[in-house]
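Laboratory data are not the source of any read-out in this text; all were calculated from the coordinates shown. All values derive from a computational prediction rather than experimental measurement. As a convention, Cβ positions derive from the backbone with ideal geometry for all residues, glycine included, and neighbour counts pool all protein chains shown.
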Amino acid sequence: MKKLNGIHHVTAITSSAEKIYDFFTNILGLRLVKKTINQDDINTYHLFFADDKGSAGTDMTFFDFNGASEVIKGTNEISKTSFRVPTDEAIYYWKKRFEKYQVTHFEVKDMFGRKTLEFRDFDDAEYVLFSDEFVDGIASGTPWQKGPVPNEFGITGLGPIFFRVNNKELIDKVLTEFLLFDQIAVENQFTLYETGLGGNGAGVIVEYRADLANGRQGFGGIHHVAFRVDEKADLDDWIQVLNKLRVPHSGHVDRFYFKSLYTRLYPGMLFEFATEGPGFIDDEEDYETLGETLALPPKFRGMRDKIEKLVRHIETKRSDKVYNKEYID
């Protein structure tokens, strides 16, 4: 088996598609690269925020399920998403930015030899910024060139994903024996694992918490994490592995923007394997207009009139706007 390349994307649940669009666009400076529907629930938006070109390994996505309750945080869950910034200096820029925009955040601290900054959104969802300075590994993406954050400080991709668990032995077995991650380091109750070329974009951080009850999904929480594979043939290989382990899985799922495979290897966590491409620049939207229209994969395009009546309009046009790069004293 080839090792996984790293983190492909993280999908979370939000209480408001409009608010998460504003937060990720105007505060975090990530680019909305696709405004589409949940392909398993056409009543629900699926918003993809990523780097300038919608590169694999850079996108966080959101569902806004109707009637969703608030997440109950606990153990045995995917607990936090992190993002990569280029330097330690960028971490301190973000601290000032969060102060200016009254975003809940904490003090800068070191974690596994890297500067980090933890923050929250309006749903109290948990995020961390990781500095890439002095960290080798899988390459990151490109900051949104026309967004509000100076390029040298901009978010360039996903960092390590946090799992909170009460069974250290099982998660270690899942990550090292089944998913072929390497255990890198331990700090207090946290253990860092990496795959592929390693680095921030290929990491999982496991937090051991046996004192908590199980978490429950809802808005402000994470729905699933996806790991990167090169192509569909790699999904075939993983299907064979899961079959040998007698682990239930989805089989091939064509999401149009990438091809996927879903499974649960640890209680409470949904894992996806997703191909690097083909990506978000397609026959409906070019580079300049990514995320500005309600985009639909081909199998849903005959239902456009129905879908447009089911999902409310959200204004996401940015190609006619100019964002000034915002330096903060």
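Distance from the Cα centroid of the stretch 1-29 to that of the stretch 159-227 is 18 Å (rounded to whole angstrom).
Could you work out the equivalent-ellipsoid semi-axes for the stretch 164-225, taking the square root of 5 times each eigenvalue of the Cα gyration tensor, largest first, in whole Å?
Working: eigenvalues 86, 44, 26 Å².
Largest first, the stretch 164-225 gives 21, 15, 11 Å.
Partners of K173 within straight-line reach, counting aspartates and glutamates whose Cα lies under 18 Å from its Cα and excluding those fewer than 8 residues away in the same chain: E77, D182, E194, E207, E272.
When the chain is treated as a Gaussian network with alpha carbon springs shorter than 10 Å, the biggest mean-square fluctuation among E169, E308, E284 belongs to E169. Here's how it looks for H223: its modeled amide H is under 5 Å from those of T11, A12, I13, which are all 5 or more places away or on a different chain. The calculated FRET efficiency for E315 paired with E107, based on their beta-carbon distance and R0 = 51 Å, is about 0.90. A viscosity of 1.567 mPa s and a temperature of 4 °C, combined with the Kirkwood radius over C-alpha pairs in the Stokes-Einstein formula, give the stretch 8-111 a diffusion coefficient of 85 µm²/s.
Springs between Cα atoms under 10 Å define the GNM used for the chain, and in it the highest mean-square fluctuation of V149, V204, V71 occurs at V71.
Around D182, under 12 Å between beta carbons, what's the net of Lys plus Arg minus Asp minus Glu among the other residues?
On the way: positive: K3; negative: D172, E177, E194.
Overall, the nearby charge balance is -2.
Here the stretch 6-310 has an Rg and Dmax of 18.3, 54 Å, counting Cα atoms alone. For F83, the residues whose modelled amide H falls within less than 5 Å of its own, excluding neighbours fewer than 5 places apart on the same chain, are V128, L129, F130, G159.
What FRET efficiency, computed as 1/(1 + (r/R0)^6) with R0 = 22 Å and r the Cβ-Cβ distance, is obtained for I328 and E152, rounded to the nearest 0.05? The pair I328/E152 has a calculated efficiency of 0.95.
3J(HN,Hα) couplings calculated from phi for the stretch 261-277 with the Karplus curve 6.51 cos²θ - 1.76 cosθ + 1.60 (θ = phi - 60°) are, in sequence order, 8, 10, 7, 10, 9, 9, x, x, 10, 9, 10, 10, 10, 9, 6, 4, x Hz; Gly and Pro show x.
Provide the gained length on full extension for the span E169 to R216, in nm with one decimal, where the gain is 0.36 nm per separating residue minus the Cα-Cα distance.
Numbers: separation 47, 0.36 × 47 = 16.92 nm, distance 2.19 nm.
14.7 nm is the gain from fully extending E169 to R216.
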